[in-house]
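Below is one structure, written out as structure tokens; comments come after it.
The values are calculated or read from the model by the stated rules, or taken from the named source; none is laboratory data. Quick caveat, the model's predicted, so the values are computed rather than measured. Quick reminder, even Gly has a Cβ in these numbers, built from the backbone with ideal geometry, and neighbours come from all protein chains shown. Note: areas computed on protein heavy atoms with side chains; ligands, DNA, RNA excluded. Shrake-Rupley method; radii C 1.70, N 1.55, O 1.52, S 1.80 Å.
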Amino acid sequence: MIKHIGILLYPDFQLLDAAGPITAFEIAGGMANDAYGLSLLSRDGGSVRSSAGIALDTTAMWKGGPLDTLIVIGGNGSRNAMQCPDLRAFLRARAESTRRLCSVCSGAFPLAAAGLLDGKRATTHWQRAEELSRLFPDVSVDPDAIYIQDGAVWTSAGISASIDLALALISEDLGDTVSRYVAQQMVVFHRRPGGQSQFSALLEMGGSDGRFAVLLGWIRAHLSDRLTIETLAAQVAMSPRNFTRTFRLSVGMSPARAVERLRLEAARERVEHSTIPIEAIANDTGFNDPERMRRAFLRAFGQPPQAMRRNATTT
């Protein structure tokens, strides 16, 4: 049976948010006997212009027919989209009749505005996570995850994470063999775990203003040390209180969270690309206790170090 996928657009949507899933479902459908039918939807139908200036033709949302899955795309226009009463009504109606309701990036905002994320865990692009949490306090926002499934609702991080979301949906529908094939055809990793961190690139930049880039480099070189707030503040000649406040504003997370992220990135690299014993990796990266590192991996990546090593050797 063909699964009908609706992709909801609005003016100033992000083109790759839509193009990634469209391509993934197209390839999967071609491999699995036309498993998917795709519809581009918008409030009024017709041509809808992306933030890149490229327009796509759409069908009016109420004329789209029954859907298995609805995906709300993100983009600069999401703030206006979430204020549209017609769009919110449509999303509430579809939530009752579709098997899965999904969002990419800031597409989470229209879902939240329709009340469909209340009481649920959700994610969005890290730059919009604080805003989502502030505007919709009943939503449990995880700014770190690539994608999150909470019941029938799936949300994902920004732009390229739309492909991770689509691969996860394809895997649920058609199995890992098909989703792996799609990933190979698209020349992307086969489904990053949903909990994998969004923050690698952010940490590489040293924060929004680059102010702490040198400090983060120093932390990477001293991961096995005891990295207290006092130690880190002393490295940048700041008081602990002022350092903690300024670091959070610049980098978007607490110093302790950043240290754990850097330890996780270093540990993951060694787990996936070396044969160093897990216990030694835990010591070298400052976790010290393998069980502590295992719990951190589960929170951040959705699987323990041993599973990530096995997956890396078979991918």
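Once you place label points 7 Å from the Cα toward the Cβ at Asp118 and Asp289, how far apart are they in nm?
Distance between label points: 4.0 nm.
How do the peptides 77-85, 57-65 rank, highest first, by the average count of neighbouring beta carbon atoms within 10 Å per residue?
Numbers: 77-85: 18.1, 57-65: 15.4.
By packing density, highest mean first, the sequence is 77-85, 57-65.
Going by amide H atoms built from the backbone, whose H comes under 5 Å of the H on Tyr36, apart from near neighbours?
Under 5 Å from the amide H of Tyr36 lie the amide H atoms of Lys3, Gly29, each far enough along the sequence or on another chain.
Given a 1.4 Å probe, how much area per residue of the chain is accessible, in Å²? Working shown, then result.
On the way: 14450 Å² over 315 residues.
On a per-residue basis, 46 Å².
Ordered by packing density, taken as the mean number of other Cβ atoms within 10 Å over each peptide's residues, highest first, how do 246-259, 213-226, 6-19 rank?
Numbers: 246-259: 18.4, 213-226: 15.1, 6-19: 24.4.
The most tightly packed comes first, giving 6-19, 246-259, 213-226.
Any idea which of Thr313, Gly115, Trp218 is furthest toward the positive side of the dipole for the chain, if Lys and Arg beta-carbons carry +1 and Asp and Glu beta-carbons -1?
Trp218
Leaving out ligands, DNA and RNA, what percent of the accessible area of the range 6-59 is carbon and sulfur, probe 1.4 Å? Before the final figure, lay out the partial values.
Numbers: 1110 of 2340 Å².
Roughly 47 percent, rounded to a whole number.
Put Asp284, Asp173 in order of accessible area, largest first, 1.4 Å probe: what do you get?
Working: Asp284 80, Asp173 35 Å².
The residues order as Asp284, Asp173, largest area first.
Mind sorting out which of (i) 23.3; (ii) 15.1; (iii) 16.7 is the real mean projected area of the Cα convex hull in nm² computed from the coordinates?
(iii)
Excluding Leu38 itself, calculate the net charge of residues whose Cβ lies under 13 Å from the Cβ of Leu38, where each Lys or Arg counts +1 and each Asp or Glu counts -1.
Details: positive: Lys3; negative: Glu26, Asp34, Asp57, Asp68.
Charge balance near Leu38 sits at -3.
Indicate, rounded to the nearest 5 percent, the antiparallel portion of the DSSP beta bridges found entirely in the chain. Walk me through the numbers on the way to the answer.
Working: 9 of 32 bridges.
Here the share of antiparallel DSSP bridges comes out near 30 percent.
Relative to the longest principal Cα axis of the chain, at what angle does helix 305-314 sit, 0 to 90 degrees, rounded to 10?
That helix lies at roughly 60 degrees to the long axis.
With the contact rule set at Cα under 8 Å and sequence spacing of 6 or more, what percent relative contact order holds for the chain? Each step should come with its number before you reach the end.
Details: 588 pairs, mean separation 40.0, N = 315.
Computed value for the chain: 13 percent relative contact order.
In the range 247-292, how does Rg compare with the Kirkwood Rh, expressed as the Rg/Rh ratio over alpha carbon atoms?
Values: Rg = 12.1 Å, Rh = 11.3 Å.
That ratio equals 1.08.
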